[in-house]
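**Student:** Here you go, one structure.
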Amino acid sequence: SRLRTFDVHDFLGKVWHVLGVLWACNFAGCASGVFLETVQHVMSQGGLALDCVLGSSAVMRMPCRALSQTNIVLETEAWAAEPRVAFNLADRVVFFKPPGWEVSNQATSHQLLDFLQALLEGPISRDVRHQYGFLHRLDVPSSGLILAAKSYESYYDLQTQLSSGLLLREYIILSHGWLAPSRKEFTASLYWQGNDQTDAGNRGKPSCTYVKTKAYALHGSMAVSLIG
């Protein structure tokens, strides 16, 4: 009942506490449908209020070449040195990040943020408090898809999906050694602070990744596993 009386004028002061509770309830398996619907309503109203105060959705400055929506990773052009727009909607966009590019931490010269800001014109694409609209990151050596919001309403809708487990992320890696096919998950506590490297150990946020061994291979004397 307290959440239903959430004051949108104090939205920014409480929003991450609410999303944190939602994440914890989902992780513990006790997030009810009523609670999720209430959080979705609050996030929608708060995002709309920010859009009204700060400005509307970001718009594309120029036409952009999009990757094929199928077999994105297997497309030859997907391995080019420049980022691309993989999918574009009115209030959100998906970028393809090539290897060697960083999302926005300014630790390398190749920043996906520069690409986003060259394409999008709008308040959230300049708002560091909202990660410029980015929902997540990928390590610099890796390639893959990055989701970004063009409006505050979209940003908090996607954050709610992320915190409640509705938004899923899939990875594929080539690993040294042969992973036993019986191994189905990895669990660890992850800790990070600021832009420091993430540490896995006895402290931090409980995390779980489900895995499936897809193939084995030998390269000379080196054994590798393809894991998804």
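**Student:** Condition first: more than 14 Å from Val128 (Cβ to Cβ), open to solvent by less than 10 Å² (accessible area, probe 1.4 Å) and over 14 Å from the mean Cα position of the chain (by Cα). Now tell me which residues in the stretch 97-116 satisfy that.
**Tutor:** Hit for the stretch 97-116 is Pro98, nothing else.
**Student:** Something else: Here is a list: Leu190, Leu162. Which entry is open to solvent by less than 80 Å² (accessible area, probe 1.4 Å) and not in a strand (DSSP E or B)?
**Tutor:** Leu162
A quick yes/no check of all residues on (1) touching a His at 6+ places or on another chain (Cβ under 6 Å); (2) touching a residue at least 12 places away in the same chain (Cβ under 8 Å); (3) of a type outside the set (Gly, Ala, Ser):
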{"residue": "Pro98", "(1), (2), (3)": "no, yes, yes"}
{"residue": "Ser104", "(1), (2), (3)": "no, yes, no"}
{"residue": "Ser109", "(1), (2), (3)": "no, no, no"}
{"residue": "Glu121", "(1), (2), (3)": "no, yes, yes"}
{"residue": "Ala149", "(1), (2), (3)": "no, yes, no"}
{"residue": "Ser154", "(1), (2), (3)": "no, yes, no"}
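**Student:** Further question: Checking the conditions here, which among Leu22, Leu67, Leu3, Leu89 is open to solvent by less than 90 Å² (accessible area, probe 1.4 Å), at pLDDT below 90 and farther than 21 Å from Tyr171 by Cα?
**Tutor:** Result: Leu3 is the single residue among Leu22, Leu67, Leu3, Leu89 that is open to solvent by less than 90 Å² (accessible area, probe 1.4 Å), at pLDDT below 90 and farther than 21 Å from Tyr171 by Cα.
**Student:** Okay, next question. So in the stretch 193-220, with the set limited to residues that are assigned to a loop (DSSP other than H, G, I, E, B) and open to solvent by 80 Å² or more (accessible area, probe 1.4 Å), which one is nearest to Val128 (Cα to Cα)?
**Tutor:** Per the stated criteria, the residue is Asn195.
The values are calculated or read from the model by the stated rules, or taken from the named source; none is laboratory data. Treat the numbers as computed from the prediction; the structure is a model and nothing was measured. Methodologically, a virtual Cβ is constructed for each residue, glycine included, from the backbone with ideal geometry; neighbour enumeration extends over all protein chains shown. Quick note on the areas: whole protein, heavy atoms, side chains included, nothing else; ligands and nucleic acids left out. Shrake-Rupley method; radii C 1.70, N 1.55, O 1.52, S 1.80 Å.
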